[in-house]
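The next block holds one structure in the form of structure tokens; read it before the comments.
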Amino acid sequence: MKSTTTANNNPDQKHFLVTILFLIAVSAVSYTLLTEHQTFARYYFIYPLCMLAAYFMSNIWFKRVLSVTTFGLLLAGSYLEPLNISVLSQAFILVPLCYIAIFPGSLWPIFVALSILGIYVPHVAGAQVPEFVEASIEFSAIAIFATGGTFYKQKLGKQVERYRKDSLTDFLTQVSNRKAFKQDLESIAKIAGETSKTKFALLLLDLDDFKQINDSLGHQQGDLLLIQFAKRLSNLDFNRINIYRLSGDEFAVLLQDKYDVNFYSQQVATYILEACQSAYHLDKRSYTMTISVGIASLDDALYDTDIWCRNVDIALKRAKQAGKNSIQWFDENLIGETVRSYQIERELSDAIEKGQLALYYQPKVDIKTNLVHGAEALIRWKHPDLGIIPPDEFVGVAERSQQIIPIGRWVIETACQQAKAWDQLGHPICVAVNVSTVQFLYDDIFHVVTKALRDSQLNPQLLQLEITETTLMQQPQRVVDACHDLRTLGIRVAIDDFGVAYSSLNYLKQLPIDVLKIDKSFIDECCSNHNDHMLVRTIIQLGHNMGKVVTAEGVVNDEQLYLLATEGCDEYQGYLYSRPVPPYEFMALLSSRKDVAIPRPQVAAHG
Ligand code: C2E
Ligand code: CA
Ligand code: CA
């Protein structure tokens, strides 16, 4: 595939002009030789033929042979039958210029000029001397300046070309870089269309778990791996493909085909996947890795290269979700998702201002009394077109763009005001708020909570923050310190999704928390799976031994609730009691409390 990255600023016009001038100069010199020489003239018929052949021939050796022939002929004629000095300054001045056209940037023209002058020297005498000196100066000066000029122009041209090439090449892997990719997309956008016979496809490749490789082996080894990977891509034996490194561990392959671009892309992708799986030999060890590939065709993007890039991005994300080391095509099923995710990303920043965010509350129920004594605030985005968007769809986006910071502040403020309102109505409900890792690491969470408590005048005992194990493990000491500070305000801290992320018991010992929340995944099958049951038992005992309250989440049936009650769990959340509901419905739940004893299930609990 011819890359536009190698395309030059079109030299055709310049070349045409040089050719015309060359033809004029050769004609003028030939005419002089044929008309001025008496005895020697017949030999000069071959002069223009050889000069033209030397100019148009691409083989350098033929060029040289023909040039030496014509030059020798010229010198021989000048020696055997010297012409008038005026001819020297009028027509022969063009001879060195002809050689500039044949060998641009070389010393040929100077050599030719000096040789002709040298041949004439013995023939000059008396009155001809001043005219010869004048002609010689003129002759040499023109040859030297013209040669110098073309030499520097050529050098400059080469430097510019090298610089252009460097600026389009990735310094580490030596494949084309993102800038080259953009340029090529622009040129494709100009030629692509429904009527175009050539079809294009884009492959986006991402090294699976490259961050981990970098973290565990170090950046230097990571670089070596990238270099070797790029080499494998460059060595692929396929036509019409271009390879680019777009960022860290992200590569793109642009390919084109006139017949079946889809089939061709699948072939290339499969080949790449296989080629990349064999071991990479790094400095001290070998390493194997896998990659994920997303593919999208330009036709599916309706010839819009922006949409094309977005499509291939989505396809790659899908490939990653599908468990890595896989190829995923962008197809029509993904179009709806693309539009939705694009809209979510674009409109998220306005969601707070437009009042589209809302908090739903899920009751936390005391297992002994079956009384609601708390609530977890769970965010919802009420989008005018897309309906209610659950947090799983936008919290991740908000975290990546750090928009979770203003959103998280809004959540804390709103939850405090709601808890205060319920308290004033005679329901002192402790409201739990989820705090994202980003808020912990990049926002002044202590200041935000202090302000929210002050503004709402809420009793700090009625606020609880939920942090996940993942947050704890990312910056343990920082989180431990922050929790210490937060608890001085009188609020409670819970560790969420406990058991999922394998948190260090050592940090758990240090962590000033009040509540352990057993993750839903353990509750799901605790009645049918002995191991899950034992894990639930262990977490409850561990929590109690450390003096914490233990909450179970995701309780959906009586059996699970009975088992939790038997194991001594303190409180639960789940669809069994209620889904998360808007504040007014929560109020109704409080007013009609389901103050009933724990039901005894028909089927005895396992264990
Ligand atoms: P989480 O903190 O683990 O919240 C519990 C999730 O489980 C909630 O989903 C809740 O609706 C759901 N759930 C509760 N009981 C049951 C049950 O019995 N069955 C089933 N199938 N699900 C149940 P939701 O509201 O979709 O929230 C998902 C996640 O989004 C939350 O997981 C939390 O990590 C995050 N999130 C929600 N609100 C916020 C927020 O305000 N800030 C931040 N940073 N994250 C939030
Ligand atoms: Ca939670
Ligand atoms: Ca949870």
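Any read-out appearing in this document is the output of simple, stated calculations on the displayed coordinates, not a laboratory observation. The shown structure was predicted, so the numbers you read here are calculated from the model rather than taken from an experiment. Using ideal geometry, Cβ is built from the backbone for each residue, glycine included, and neighbour counts are taken over all protein chains shown.
Say the dipole of the chain comes from +1 at the beta carbon of Lys and Arg and -1 at that of Asp and Glu; which of Leu386, Thr338, Ser140 then lies farthest toward its positive end?
Projecting each Cα onto the dipole axis, the largest value belongs to Ser140.
Can you compute the charge dipole magnitude of the chain about its Cα centre, using +1 on each Lys and Arg Cβ and -1 on each Asp and Glu Cβ, nothing else charged? Give it in debye, rounded to the nearest 20.
1500
State, to one decimal in nm, how far the label point of His484 lies from the label point of Tyr271, with both points 7 Å from Cα in the Cβ direction.
6.0
With all pairs of different alpha carbon atoms counted, what Kirkwood hydrodynamic radius in Å does the stretch 146-204 show?
On the way: mean 1/r = 0.0700 Å⁻¹.
The Cα-based Kirkwood calculation yields 14.3 Å.
With label points built 7 Å along Cα→Cβ from the Cα atoms of Ala322 and Ile20, find their separation and express it in nm.
Going from the Ala322 label point to the Ile20 one covers 5.8 nm.
Fewest first, what order do Ile142, Ile291 take by the number of other Cβ atoms within 10 Å?
Fewest-to-most ranking of Ile142, Ile291: Ile142, Ile291.
Apply 1/(1 + (r/R0)^6) to the Cβ-Cβ distance of Thr69 and Ser247, taking R0 = 41 Å, and write down the FRET efficiency to the nearest 0.05.
With a Förster radius of 41 Å, E is 0.10.
State whether the stretch 105-148 is rounded, prolate or oblate according to the following rule on the C-alpha gyration tensor (a ≥ b ≥ c being the square roots of its eigenvalues): a/c under 1.5 gives rounded; otherwise a/b larger than b/c gives prolate, and the remaining case gives oblate.
oblate
Can you tell me the mean projection area, over all orientations, of the convex hull of the stretch 279-355's alpha carbons? Units nm², please. All intermediate terms of the calculation are to be shown ahead of the outcome.
On the way: hull surface 32.8 nm².
Seen from a random direction, the Cα hull of the stretch 279-355 projects 8.2 nm² on average.
Hey, if you put +1 on the Cβ of every Lys and Arg and -1 on every Asp and Glu Cβ in the chain, which of Pro583, Leu205, Ser349 ends up farthest toward the positive end of that dipole?
The one lying farthest along the dipole's positive direction is Leu205.
Under 1.5 on a/c is rounded, so check that first for the stretch 455-527, then, if it is not, pick prolate when a/b is larger than b/c and oblate when it is not; a ≥ b ≥ c are the square roots of the alpha carbon gyration tensor eigenvalues.
oblate
Once you wrap a convex hull around the alpha carbon atoms of the stretch 76-163, what is its projected area averaged over all directions, in nm²?
Answer in nm², one decimal: 5.6.
Multiply the residue gap between Glu161 and Asn545 by 0.36 nm, knock off their C-alpha separation, and tell me the result in nm, one decimal place.
Taking Glu161 through Asn545 to full extension adds about 131.0 nm, to one decimal.
Hey, got a sec? Which chymotrypsin sites (Phe, Trp or Tyr not before Pro) in the stretch 251-333 land in a DSSP loop and have at most 13 other Cβ atoms within 10 Å?
Sites meeting the loop and neighbour criteria: Tyr259.
Output needed for the chain: three equivalent-ellipsoid semi-axes, defined as square roots of 5 times the C-alpha gyration tensor eigenvalues, in descending order, whole Å.
Numbers: eigenvalues 1412, 118, 99 Å².
Each semi-axis is the square root of five times an eigenvalue, giving 84, 24, 22 Å.
Please work out, to two decimal places, the log10 of the ratio I(q)/I(0) at q = 0.10, 0.16, 0.20, 0.22 Å⁻¹ from a Debye calculation in which every Cα of the stretch 154-265 carries one identical scatterer.
-0.38, -0.84, -1.10, -1.21
Taking the 0 to 90 degree range and rounding to the nearest ten, how far is the long axis of helix 178-191 tilted relative to the main principal axis of the chain, both from C-alpha atoms?
80
Which links in Lys451/Lys509; Lys63/Lys155; Lys155/Lys190; Lys165/Lys324; Lys211/Lys317 stretch past 27 Å when you go from one Cα to the other?
Lys451/Lys509; Lys155/Lys190; Lys165/Lys324
Dipole of the stretch 424-505, Cα-centred, from +1 at each Lys and Arg C-beta and -1 at each Asp and Glu C-beta, to the nearest 20 debye?
That gives a dipole near 240 debye.
Please report, to two decimal places, log10 I(q)/I(0) for the stretch 403-462 at q = 0.18, 0.22, 0.24 Å⁻¹ as given by the Debye formula with identical point scatterers on the Cα atoms and no solvent.
Values returned for q = 0.18, 0.22, 0.24 Å⁻¹ are -0.58, -0.81, -0.93.
Using Cβ counts within 10 Å as a stand-in for footprinting exposure, how do Trp381, Trp61 rank, fewest first?
Working: Trp381 23, Trp61 8.
By the 10 Å Cβ count, ascending: Trp61, Trp381.
Name the residue farthest towards the positive end of the dipole of the chain from the options Leu508, Ile272, Ala101, assuming +1 on Cβ of Lys and Arg, -1 on Cβ of Asp and Glu, about the Cα centre.
Ala101
Would you please classify the overall shape of the stretch 200-348 from the alpha carbon gyration tensor, given that a ≥ b ≥ c denote the square roots of the eigenvalues, rounded means a/c under 1.5, and beyond that prolate means a/b larger than b/c while oblate covers the rest?
Here the stretch 200-348 falls in the oblate category.
With the radius of gyration and the Kirkwood radius both derived from the Cα set of the stretch 3-162, what is their ratio Rg to Rh? Provide the component values of the computation, followed by the final result.
Values: Rg = 17.0 Å, Rh = 16.7 Å.
Checking Rg against Rh, the ratio lands at 1.02.
Tell me the net charge near Ser265. Cut-off is 14 Å between Cβ atoms, Ser265 excluded, with +1 for each Lys or Arg and -1 for each Asp or Glu. Could the numbers behind the result be given before it?
Details: positive: Lys199, Arg240, Lys258; negative: Asp257, Asp260, Asp299, Asp300, Asp331.
The answer is -2.
Quick check for me: using +1 on Lys/Arg Cβ and -1 on Asp/Glu Cβ, what's the dipole size of the stretch 353-394 about its Cα centre, in debye to the nearest 20?
180
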